[in-house]
Number of protein chains: 2
Amino acid sequence: MSEPVSTKVPRGLYGVAVTDTSIAKSESNGTLVYRGYEISDLFENSTFEETAFLILNGKLPNSRELQEFSLQLKKRSTLPKNVYEVVRELDRNAHPMDVLRTAVSSLGAVEIGLSPKEQQLSLISKMPVLVANCYRISSGKEPVQPDSNLNTAANLLYMLNGKPPTDLESWALERELILYMEHDLNASSFTVRVIASTLADIYAACTGGVAALKGPLHGGANEAAIEMLLKMGNPMQGEAMVLNMLAKGEKVMGFGHRIYKEFDPRAQLSKKLLKRLEEGKGRSASLYELADTVEKKMWEMKKLPANLDFYAAPIFHVLGIPIKVYTPLFAASRVVGWVSHYNEQLSDNKIFRPDAIYVGPNKLKYLPMNER
Amino acid sequence: MSEPVSTKVPRGLYGVAVTDTSIAKSESNGTLVYRGYEISDLFENSTFEETAFLILNGKLPNSRELQEFSLQLKKRSTLPKNVYEVVRELDRNAHPMDVLRTAVSSLGAVEIGLSPKEQQLSLISKMPVLVANCYRISSGKEPVQPDSNLNTAANLLYMLNGKPPTDLESWALERELILYMEHDLNASSFTVRVIASTLADIYAACTGGVAALKGPLHGGANEAAIEMLLKMGNPMQGEAMVLNMLAKGEKVMGFGHRIYKEFDPRAQLSKKLLKRLEEGKGRSASLYELADTVEKKMWEMKKLPANLDFYAAPIFHVLGIPIKVYTPLFAASRVVGWVSHYNEQLSDNKIFRPDAIYVGPNKLKYLPMNER
């Protein structure tokens, strides 16, 4: 029997459509839709909970559905004591994504007997609480329970900073969470689908999602972006540093995107938000001006557009969020996309089992140790 | 700017070669090579440590290299106390793979400051110790430290059963560990490569590997196989049950394989081993005869060959290994393949970021709540 011939495809599956999806669509011309809605429309009008419902269920909720969904999330937001104990055993200097990954994994070994649907709601509800409290424990602080009067975004700021945010602050964070919620087959969502395809459960799949999101080529870029901006300090120095980095062949963080070649719509929405937030907090728009200068210079020199991370990072900074929480924060929102991809994968599943072209040696013969 | 056209490929990436590899090659005609060596040659002649060295380094070790490699593994086999504490926090009824996944993840948040090479050796050394002691703790037993006078296979049996195995027993388990060590781009190794491609570390990647291996379509099959065989009891009832299951359209566990359409070479090697092991332990070859009958019936009726899981499972049973350890045991050996795939991915990396064909709605407009 002759071997079936494999189709060789580009590395990284670049340009290779591995599935149909009706969750989201990003296009190189700078458009992004969630379930048919333009990202700008949702950014302007929707809430975290509404958008999560939309991504999960394919339709915007009516008021009864939204109330029920929000209630389902709120009533599941208390973390089991054992998960806190697990986090307390981890090293204080561990990478925050290693801590979060372990906490998510442990949840799957502590919450026993839930239905698949309950598991999903639990994970979406608890992920922001995990993000905030893994940070708190790693920083030597006591965990904070979410306040049932606050929505997801406000609760995140409350738990992270230990005090309730202003309306402007929680509104701003909510906008960023909406932008981070879903982005078709990025590496973490693809990881979730591969794990889902074995019929492993949602905790297994999302643990894999967090694992992939740790990688500096994926989730780690927003931390690198703010560190660069803070080092630059002001527009003039920013411009000089960009030129200097480019001359040395260094990577300028927060630029370029696999899909968006002209502009990242999420970056442009975040840019306006950054200005509004800085001004709303009564400070000059200094990070906005710096970022704008760097963005223009990068386009002039390299024709690379700023991506979401480049503008989300200064927003998180103005909101007082500790830098080490930036990547975990991504997971607090993206978990909604992961759960949707998990369900879509299982709705028409075939296990991922690609081929590889063998290019190694052949017909070698085991030699006894003394003949090697 | 028009959208670049995506190439649509078969679901599950069936028949799609996503990378070159020089680690292993499996072919539909029933051949499997590791780094150029036939699996039967390694099965007959090699040890766990030698085969692991081969898969990791692309060559069989000479005696100095093997001694050094074995020493490196032995000196890293002690688990940090905190990892045990993490496992103690998990539910006694949690799925063993959820426990193992959490333990592997926690190792990455406890072992700080190792080089990438040290991390890999640590993980390969500790995985069997994790497998055995996660089981022990979940069963209410105290953990057992590995005995530095025993090799990996003997230590596994010693830690699992609490007493040193006979030479035949540890030799038999070692054969199975060799067969399970690597199998090109199965779902867990592919998961490892996707996570590796983000530049996340080996703990992140192997946590994802364990997560994928949990799935009943991947690692879970050997448990199902032994449960079926034990229920059958004897050849005559086995034959009747097969016919009955087929008549009802039920899946008979341990048959069929994505690659091997005629026979799985690992199953055939295991089959001979099962006979030898049963006879060597002075019992009649009753599981062998039962399995042989079921295998022949399945080939006669469905032209489906027995796969590795079908014959590994009764071997584990004869070795006294608790059924809930069968899938974790797979990970204790496959971790070697995962680490090799991780390194091969990074040697010529491009992040996995496939496309999807959007088939959802378009141009929807956000409506205020009261108009929905």
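On the beta carbon distance between residue A:163 and residue B:300, with R0 = 51 Å, the FRET formula returns roughly 0.10. Within straight-line reach of residue A:363, meaning a Cα separation under 26 Å, sit the following lysines at least 8 residues removed in sequence or on another chain: A:8, B:25, B:59, B:261, B:271, B:272. What is the distance, in nm, between label points placed 7 Å from the Cα along the Cα-to-Cβ direction at residue A:246 and at residue B:285? Label-label distance for residue A:246 and residue B:285, simple model: 7.4 nm.
Whole-Hz Karplus values for region A:269-279 come out as 5, 5, 4, 4, 5, 4, 4, 4, 5, 4, 5 Hz, taken residue by residue from phi with 6.51 cos²θ - 1.76 cosθ + 1.60 and θ = phi - 60°; glycine and proline positions read x.
Relative contact order of region B:163-222: 27 percent, from C-alpha pairs under 8 Å at least 6 residues apart in sequence. Each residue of region A:147-155 was assigned a 3J(HN,Hα) from its phi angle through the Karplus expression (A = 6.51, B = -1.76, C = 1.60, θ = phi - 60°), giving 8, 5, 8, 9, 7, 4, 5, 4, 5 Hz with x at Gly and Pro.
With both labels modelled 7 Å from their Cα along Cα-to-Cβ, the residue B:217 to residue A:149 distance reads 4.8 nm.
By the Stokes-Einstein formula, at 1.002 mPa s and 20 °C, region A:94-183 with its Kirkwood radius over alpha-carbon pairs has D equal to 152 µm²/s.
Considering only B:25, B:163, B:275, the Gaussian network model of chain B with Cα springs below 10 Å gives its largest mean-square fluctuation to B:163. Taking amide H atoms as placed 1.01 Å from N in the peptide plane, the amide H of residue A:307 lies under 5 Å from those of A:255, A:256, each 5 or more residues away in sequence or on another chain. Pairwise Cα distances in chain B exceed 40 Å for 17 percent of all pairs.
Between region A:147-192 and region B:65-134, the C-alpha centres lie 34 angstrom from each other. The orientation-averaged projected area of the convex hull spanned by the Cα atoms of region B:159-241 comes to 8.0 nm².
In this simple spin-label model, placing a label point 7 Å from the Cα along the Cα-to-Cβ direction at both residue A:370 and residue B:230 gives a separation of 4.6 nm. Cα-based values for region A:78-232, radius of gyration first and Dmax second, are 15.9, 52 Å.
All alpha carbon pair distances within region B:221-318 were sorted into 10 Å bins beginning at 0; the resulting P(r) in whole percents reads 17, 54, 26, 3.
Shown in residue order for region A:238-245 are the 3J(HN,Hα) couplings computed by the Karplus curve 6.51 cos²θ - 1.76 cosθ + 1.60 at θ = phi - 60°: x, 4, 4, 5, 4, 4, 4, 5 Hz (x for Gly and Pro).
Taking all Cα pairs closer than 8 Å and separated by 6 or more residues, the relative contact order of chain B comes to 23 percent.
Annotation: amide H of residue B:358 within the under-5 Å range of A:21, sequence separation 5 or more or interchain, hydrogens built in the peptide plane.
Working from the Cα coordinates of the protein assembly as shown, the gyration tensor eigenvalues give, after taking √(5λ), semi-axes of 46, 27, 26 Å in decreasing order.
Considering only A:345, A:120, A:145, give the residue with the highest GNM mean-square fluctuation for chain A, with springs between Cα atoms whenever their separation is below 10 Å. Looking only at A:345, A:120, A:145, the biggest GNM fluctuation is shown by A:145. Think of it as helices only: each DSSP H run of n ≥ 4 in chain A is worth -39500 (n - 2.57), and spread over all residues that comes to -18000 deg cm²/dmol at 222 nm. From least to most packed, judged by other beta carbons within 10 angstrom and beginning with the fewest, A:135, B:34 follow the order A:135, B:34.
Among B:152, B:21, B:47, the largest mean-square fluctuation in a Gaussian network model of chain B (Cα springs under 10 Å) belongs to B:21.
Bear in mind these aren't lab numbers, they're just calculated from the coordinates by the rules spelled out. Predicted model only: the values in this text are computed from it and were never measured. Glycine gets a Cβ as well: all are built from the backbone with ideal geometry, and neighbour counts include every protein chain shown.
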